[in-house]
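S.K.: Sharing a structure with you now.
Every number in this text was worked out from the coordinates using simple rules, so none of it is lab data. Not measured: the values here are computed from a predicted model. Methodologically, a virtual Cβ is constructed for each residue, glycine included, from the backbone with ideal geometry; neighbour enumeration extends over all protein chains shown.
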Amino acid sequence: MSQLAAYTTSTGEAFQFWVLGTVAVIGALCTVFMRKAVHSALCLAGTMIVLAVFYLANGAYFLGIVQIVVYTGAIMMLFLFVVMLVGVTAADSLKETIRGQRWLALLCGVGFAVLLLAGIANASLKDFTGIGRANANGNVQGLAALIFTRYVFAFEITGALLITAAVGAMVLTHRERTERARTQRELAEQRVRDGKHLPPLPAPGVYARHNAVDIAGLLPDGTPSELTVSRTLRERGQVRDVSAEALGDLKALEQRAEERLERTAVEPATSQRPEEAAK
Amino acid sequence: MSFPLLTATAALPAVGAVATAAVPAARRTAAKWLALLVSLGTLALAAVVLVRFDPGGARYQLTESHAWIAAFGVRYELGVDGIAVALVALTALLIPFIVLAGWHDADPLETGSRRWRPTQGFFALILAVEAMVIVSFEATDVFLFYIFFEAMLIPMYFLIGGFGDRAHEHGEEAASTQRSYAAVKFLLYNLVGGLIMLAAVIGLYVVAGNFSLTEIVQARANGTLHMATSTERWLFLGFFFAFAVKAPLWPLHTWLPNAMGEATAPVAVLITAVVDKVGTFAMLRFCLQLFPDASKWATPVILVLALISIVYGALLAVGQRDIKRLVAYASISHFGFIVLGIFAMTSQGQSGATLYMVNHGISTAALMLVAGFLISRRGSRLIADYGGVQKVAPVLAGTFLIGGLATLSLPGLAPFVSEFLVLVGTFTRYPAAGVVATLGIVLAALYTLVLYQRTMTGPVRPEVSAMPDLRARELLVVAPLVVLLIFLGVYPKPVTDIVNPAVRQTMSDTHQTDPKPEVEAAK
Amino acid sequence: MNPVNYLYLAALLFTIGATGVLIRRNAIVVFMCIELMLNACNLAFVVFSRMHGNLDGQIIAFFTMVVAAAEVVVGLAIIVSLFRSRHSASVDDASLMKL
Amino acid sequence: MENLIALLIAAPLLGAAVLLVGGRRLDAVGHWIGTLLSTASFVIGAVLFVGLLGRSADDRTLIQHLYTWIPVESFQADVTFRLDQLSMTFVLLITGVGSLIHLYSVGYMEHDERRRRFFGYLNLFLAAMLLLVLADNYLLLYVGWEGVGLASYLLIGFWQHKPSAATAAKKAFLVNRVGDMGLSIAIMLMFTTFGSFAFGPVFGHVGGTSEGRLTAIGLMLLLAACGKSAQVPLQSWLGDAMEGPTPVSALIHAATMVTAGVYLIVRSSAIFNAAPDAQLVVTVVGGVTLLFGAIVGCAKDDIKKALAGSTMSQIGYMVLAAGLGPIGYVFAIMHLVTHGFFKAGLFLGAGSVMHGMNDEVDMRRYGGLRKYMPITFITFGLGYLAIIGFPGLSGFFSKDKIIEAAFAKGGTEGWILGGAALVGAALTAFYMTRVMLMTFFGEERWRTGSGAAADGHDGHGEPHPHESPGIMTIPMMVLAVGSVFAGFFFNLGDRFLHWLEPVTGHSEGHSPVSALTVTGATMVCLVVGVAVAWAQYGRKPVPAAAPRGSLLTRAARRDLLQDDFNHVVLVRGGEHLTRSLVYVDHTLVDGVVNGTAASFGGLSGRLRRLQNGFARSYAVSMFGGAALLVAATLLMRAV
């Protein structure tokens, strides 16, 4: 344990750094460039775990643990909750809407990186006293001693901050129910009054491959009716359109028939995946 | 210390303005009477000042001085010399007439537009302007002067933009758009001038270390304060620019016709007869005394500009189709005369210029207010809409003619005295300029008589056939002005006696002496 | 190996996070990127504390984590209510700052 | 006695004030008030005259200092009156003829509802004119000078509902203003030269200054005189001025105001004597004008315009005489006075004719009126004889003297001027005979059917000529008497000469031709003129419609195209100038400002684009800013 905190870095640590560092960077990049929020969240979690390891490697045992427990445990979970709430597969297209935004951003990023690296490079960081003496009687004890003496005031304030944040979150997300919940009867009467959807909403369409609650039922003229799909799916843009499916299958069938009859192969049918079709 | 008379002259209208504004909306008439009483009270105070002022006495009299912003040596310093006294008296004199003439200008419009016209506001703003103008005439502290010189713009802006003629040939909409254009133009022009002046004021502080006019003049006189030539010239230009905008000097004049054309006649009088005078007055008091050498240096250019203003303004007045714009351009021409007189650097020129400010105030007031009455009757500002008024409303026509004759400075009426003094004063030093300026006499006759002929003479037009003659209130406004015009034309001595010593002082401050006549020079 | 490399890494991560904030439109992802930046800072602090041989850096990192937690809580709450009101988690939809 | 002088002016001034301010309640008695006060002024004048006669010839100058008017340092203008022989003469002429014409107007303006105002204006004119001749310094004179201009403006435009009248009034005032410019410049020149503009100091110091300046002053004074006295080139207003009521034409535009120019020149004799060049110009102007006026007078069919032309030319005589210097001054004034009598008489006669003829002014619609209005005929005839210089009548003496003096100028210009004067005499005889014949002789062209009078002016058809009431004829008679005997009376022992000599000075020029020859020549011219006129208008009947006439005639009918010149060059040009200037002011001067404003607006609009409201783009700018800050700090540390 203690030699990990020694002030010369062992080759082991070097090896660990190069490997995990690469992982961390890749994770970060994926966080940025993954199209689906879920994937970003997972990559981020990975990066954080790597960082936790680095903390440990740097003799910040407490922080390392906290990093894993609080960040990767609590905060990332929170993120995932929200992602679920907002829509797992709601993948926003990476197409830029603001003109020049992306290039400006990249330019700034690269420039900033260069600056930082240069700054660090020509900063005089020669004196290197290891953490060993500070951790002499336990890292946690050391931290505690500092927190409850020198930084006690800041500690209290952060406590207050946390409380406030919790209350704030509740206030923001909690919506007050002012009026009594309306009974079935009232709702029905309401519908009659508005004169829409007297019957319950139409059922979704049926598609023989799997549970097809996300497939719009077809209207008599063959166009899909959005009403048949639940609102959440609609908002997530996860309504699947299968109007093309039948043709695709037909083509595939013909092709197979022709292959069997050794006819000259017509151009292979491009049966597109339903997801693309939805897009 | 004694009773602060000068502060009182400014404070009374200021308080009156607040009081008038505070009158509840329902009691419209009460507000009018209050405003009238306040303005009359101010007139009385001004009369007291006039009496207490001793022409033979000190340079600045009735002075008051209190520390104001100690950090920058800004003091609340008031004091009047003969020139200031004359102009304060003029202001206090004209405001009651303006209030009386504008008695109905701010009443709610009956039909047509639904715009509510805050009567109280109208009169309160007039009083506010009066207070500010009076302070800027009395201030002997450059910074104090600057503050009020600028603050004046705000109430004027609202007066121009908020209250226009009732009727307009292009309907209420066009009227309001043009009005706001005029108001904004007025504000922007004067603000630009003011900001440049502010720079100069700060520069002056940097150079001189304080803002007190008297101290700086003292210091410059006895050599303790030395200004580099270039510095002095730049500061001079900064000040002069602001004043040239305010007293519209060609080519900075274009805001005046818009403002005077769109504003109601009383407000137009307020602009040209009272507010603009601050500009010419300030040239005389600040430009010349603070920067005598720079003034001398700039004189040729300024004289040329003044001459251009005289001829150009008169020519454009001839070309106008709108009565009020015509008067505006005529005023531009007259301001040319005033500036000419100031920078001719002769005692005749400067006394004449001061006298000119007073007389032009009165004569323009007479002409413009009568024109306002005329316009309010017919509901149009276009000259072409009138004709034969003389037969229908002889008194109106007569007073209009007298106002016009005063504008063309007919001998026997007040403006002649001042105009001739300016001409002589200019001629003695710059004969050519004097001759060119005399052209203004002919042109003035041209535009005045053309205006009178087109509106008053000829066969009676059906639209004006039912026009009533001047009412009692209107006669009460015009008659005193006419009497004053004649009196000051026949016996201007009282005014000249007050003004001359101050001018003598200014001349000595600027190290100027009148040129000697040839014969005596020969002797 | 020189521990300064940790700092380089931190800088890199920070920059990546910042760029992400600028590029992504999904509010949640933006948030994640912010977290990434915070973590980069933390790493730097930890490394500094190791360099100087005292624990203050770690303390600051600790506080950062606390603050980050609070911030995430509030921020996510905001995102949720935003999504409720306008059924979208895109940052660009909240472009009413322009008159 | 000095204190009476102010009263001379005060009386009519009071009248003007009362009548103009008094309002309608004075309509009934207004005209009598006016007449009374002008007569009062005349009486005061007479008293003063007697008083002056009582004094010795060289102390007949009374000075009354009223008060200091404009005191500014060395510029001291006083209100001081100076009554000497010259101004006395004018005072008597003005108040005398003025009172008579007041009386006449009582009848003439009887049917005008604005008669009160008319008398107010007349009194105002008297006051101003008296101020003009009584002033002791040029500035005060200037006041009177413009005052009469104003009065004439008001009176010419008295019938303001007639656009022609209003225009004529405006024109008169404007042309006069041009002259006034000259006067004011002259005053300024005096101030810069002598440090004063009071008669005493100015004339006193004439010796001490350069001739160039004096010439300049003289020319400027001449310009003023040209404006007021309708001399070429500023004569164009006089013809139009006839739009005014006839008594006005008689008083202002014949007898008194238009002669103010002559007064000015004679009054400034000291200056002109010292500036021969200026004098020469004066004589030239006079000579040209006397011919110009005469030619115009020959062609006009409007009786008043014909008389106006004659006035112009007679004043030309006076100016010519005044330009001759000491040999001429006295005769200029003498002719001025006699002319005042007979020309006023003629105008009143013309007025009386118009009165009887429904205000018809076209002589081609007169004819044979002598038996309908005998008194008018006789008085008019006497005036006619006087003006053409019939031996023994007043015109004969005064004009004859001027012609003599012109020859006495000596040298070529003497011959030229004398010749011009002689031709002028002939022309005078011609056009006056023409007027006489067309009006009172020949067949009655005003009868309907005969001639073009059928169209009937102002609604009433065939006029019924009748003699005017006594109140109008009496003044005419008085003036006729004056025009008959004045000249003879003045010349009796050269008493007029001796009366004026102390003021103007006098010297007998040596004439190359004897006085008798001149008189003979004048007579010949006279006879020729009359004969030609008789041949043209006496023997043959006068066509009711004017014949086309020769080129000269047509030009003369149009005032020798001088008006057209003015119109084309000044009026049109002026209009274009002003219009273009208005355009320039609106587009250029104003455009620059508005352009600046617009450019600022556009700039701000472009800058606003940056604020697109997307949080991310703001973030980019923040990030970029941060980057720049870091860069800056690093650079600082590097440096």
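S.K.: With a/c under 1.5 counting as rounded, go ahead and sort segment A:1-89 into rounded, prolate or oblate using the C-alpha gyration tensor (a ≥ b ≥ c being the square roots of the eigenvalues; past the cut-off, prolate if a/b is larger than b/c, else oblate).
M.R.: Working: a/c = 5.57, a/b = 1.91, b/c = 2.92.
Oblate shape, in that a/c is at least 1.5 and b/c is the bigger or equal ratio.
S.K.: OK, next. Would you mind checking which residues have amide H under 5 Å from D:Trp69's amide H? H placed 1.01 Å from N; only 5 or more apart, or other chain.
M.R.: Those lying under 5 Å, H to H, from D:Trp69 are D:Ala77, D:Asp78, D:Val79.
S.K.: How large is ³J(HN,Hα) for each residue in segment B:429-441, as worked out from phi by the Karplus curve 6.51 cos²θ - 1.76 cosθ + 1.60 (θ = phi - 60°), to whole Hz, x for Gly and Pro?
M.R.: With the stated coefficients, segment B:429-441 comes to 9, 10, x, 4, 4, x, 5, 4, 4, 4, 3, x, 4 Hz.
S.K.: Please say if segment C:4-86 is rounded, prolate or oblate, where rounded means a/c under 1.5 for a ≥ b ≥ c the square roots of the C-alpha gyration tensor eigenvalues, and otherwise the choice is prolate for a/b larger than b/c and oblate otherwise?
M.R.: Numbers: a/c = 6.69, a/b = 1.81, b/c = 3.69.
Note, shape of segment C:4-86 comes out oblate.
S.K.: Could you pull out the chymotrypsin sites (Phe, Trp or Tyr not before Pro) across segment B:280-312 that fall in loop regions by DSSP (anything but H, G, I, E, B) with no more than 12 other Cβ atoms inside 10 Å? Numbers along the way, then the final one.
M.R.: On the way: sites: B:Phe281, B:Phe286, B:Trp297, B:Tyr312; in loops: none.
Here no chymotrypsin sites (Phe, Trp or Tyr not before Pro) fit, given the DSSP loop and packing criteria.
S.K.: Okay, moving on. Around D:Asn137, which amide H atoms from residues at least 5 apart in sequence, or from another chain, sit under 5 Å from its own amide H, with H modelled in the peptide plane?
M.R.: Placed amide hydrogens put D:Thr80, D:Phe199 under 5 Å from D:Asn137.
S.K.: Could you run the Karplus curve 6.51 cos²θ - 1.76 cosθ + 1.60 with θ = phi - 60° over segment D:409-424 and give me ³J(HN,Hα) per residue in whole Hz, x for Gly and Pro?
M.R.: Result, ordered by residue: 3, x, x, 4, 4, x, 4, 4, 4, x, x, 4, 4, 4, 4, x Hz.
S.K.: Please list, by residue number, every one of the trypsin sites (Lys or Arg not before Pro) in segment D:542-617 that is coil in DSSP and has at most 14 other beta-carbon atoms within 10 Å.
M.R.: On the way: sites: D:Arg548, D:Arg554, D:Arg557, D:Arg558, D:Arg572, D:Arg579, D:Arg606, D:Arg608, D:Arg609, D:Arg616; in loops: D:Arg548, D:Arg558.
Those satisfying the criteria are D:Arg548, D:Arg558.
S.K.: Per the helix-only calculation at 222 nm, which mean residue ellipticity applies to the protein assembly as shown, given -39500 (n - 2.57) for every DSSP H run of n ≥ 4 and division by its residues, nearest 500 deg cm²/dmol? Could the numbers behind the result be given before it?
M.R.: Details: 62 runs with 1040 residues, N = 1540.
Estimated from H runs of four or more residues: -22500 deg cm²/dmol.
S.K.: What angle, in degrees between 0 and 90 and rounded to the nearest 10, separates the Cα long axis of helix D:394-408 from the longest principal axis of the Cα atoms of chain D?
M.R.: Tilt relative to chain D: about 70 degrees.
S.K.: For helix D:329-356, what angle does its Cα long axis make with the longest principal axis of chain D, in degrees from 0 to 90 and rounded to 10?
M.R.: Long axis of D:329-356 versus the principal axis of chain D: about 90 degrees.
S.K.: Less than 15 Å apart at the alpha-carbon level, and either on another chain or at least 8 residues along: which aspartates and glutamates does that give for D:Lys162?
M.R.: The reachable aspartates and glutamates, counting only those whose Cα sits under 15 Å from D:Lys162, are D:Asp112, D:Asp240, D:Glu243, D:Asp359, D:Asp458.
S.K.: Out of the DSSP beta bridges found with both residues in the protein assembly as shown, what percent are antiparallel (nearest 5)?
M.R.: Values: 25 of 26 bridges.
Expressed as a percentage, antiparallel bridges in the protein assembly as shown total about 95.
S.K.: Any idea what angle helix D:163-194 forms with the longest principal axis of chain D, computed on alpha-carbon atoms, 0 to 90 degrees, nearest 10?
M.R.: The angle comes out at about 80 degrees.
S.K.: Take every Cα pair under 8 Å in chain B that's 6+ residues apart, average their separations, divide by the length, and report that relative contact order as a whole percent. Provide the component values of the computation, followed by the final result.
M.R.: Numbers: 916 pairs, mean separation 77.7, N = 523.
Relative contact order here is 15 percent.
S.K.: Now for a separate question. Take the residue pairs D:Lys343/D:Lys399; B:Lys277/B:Lys324; D:Lys171/D:Lys304; B:Lys32/B:Lys185 and return only those whose Cα atoms are more than 21 Å apart. Spell out each step's value before the answer.
M.R.: On the way: D:Lys343/D:Lys399 14 Å; B:Lys277/B:Lys324 19 Å; D:Lys171/D:Lys304 18 Å; B:Lys32/B:Lys185 29 Å.
Beyond 21 Å between Cα atoms: B:Lys32/B:Lys185.
S.K.: Additional query: For segment D:1-64, which trypsin sites (Lys or Arg not before Pro) are in a loop by DSSP, counting at most 16 other Cβ atoms within 10 Å?
M.R.: Working: sites: D:Arg24, D:Arg25, D:Arg55, D:Arg60; in loops: D:Arg55, D:Arg60.
Within segment D:1-64, the qualifying trypsin sites (Lys or Arg not before Pro) (loop, at most 16 other Cβ atoms within 10 Å) are D:Arg55.
S.K.: Once you order the gyration tensor axes a ≥ b ≥ c over the Cα atoms, which shape class does the protein assembly as shown get: rounded for a/c under 1.5, otherwise prolate or oblate by comparing a/b with b/c? Write out the running numbers ahead of the final one.
M.R.: On the way: a/c = 3.37, a/b = 2.42, b/c = 1.39.
Judged from the Cα gyration tensor, the protein assembly as shown comes out prolate (a/c at least 1.5, a/b above b/c).
S.K.: How many Cβ atoms of partner chains, on average, are near each residue of A:27-38 if near means within 10 Å of its Cβ?
M.R.: Values: counts 3, 15, 5, 0, 10, 13, 6, 3, 3, 2, 8, 1.
Across the residues of A:27-38, the mean count of other-chain Cβ atoms within 10 Å is 6.
S.K.: While we're on this one: Relative contact order for segment B:228-370: what is it in percent, counting Cα pairs under 8 Å that are at least 6 residues apart?
M.R.: Working: 185 pairs, mean separation 42.4, N = 143.
Normalised by residue count, the contact order of segment B:228-370 is 30 percent.
S.K.: So what are the ³J(HN,Hα) numbers for segment D:195-206, from phi and the Karplus equation (6.51, -1.76, 1.60; θ = phi - 60°), rounded to whole Hz, Gly and Pro as x?
M.R.: x, 6, 9, 7, 3, x, x, 4, 5, x, 9, 3
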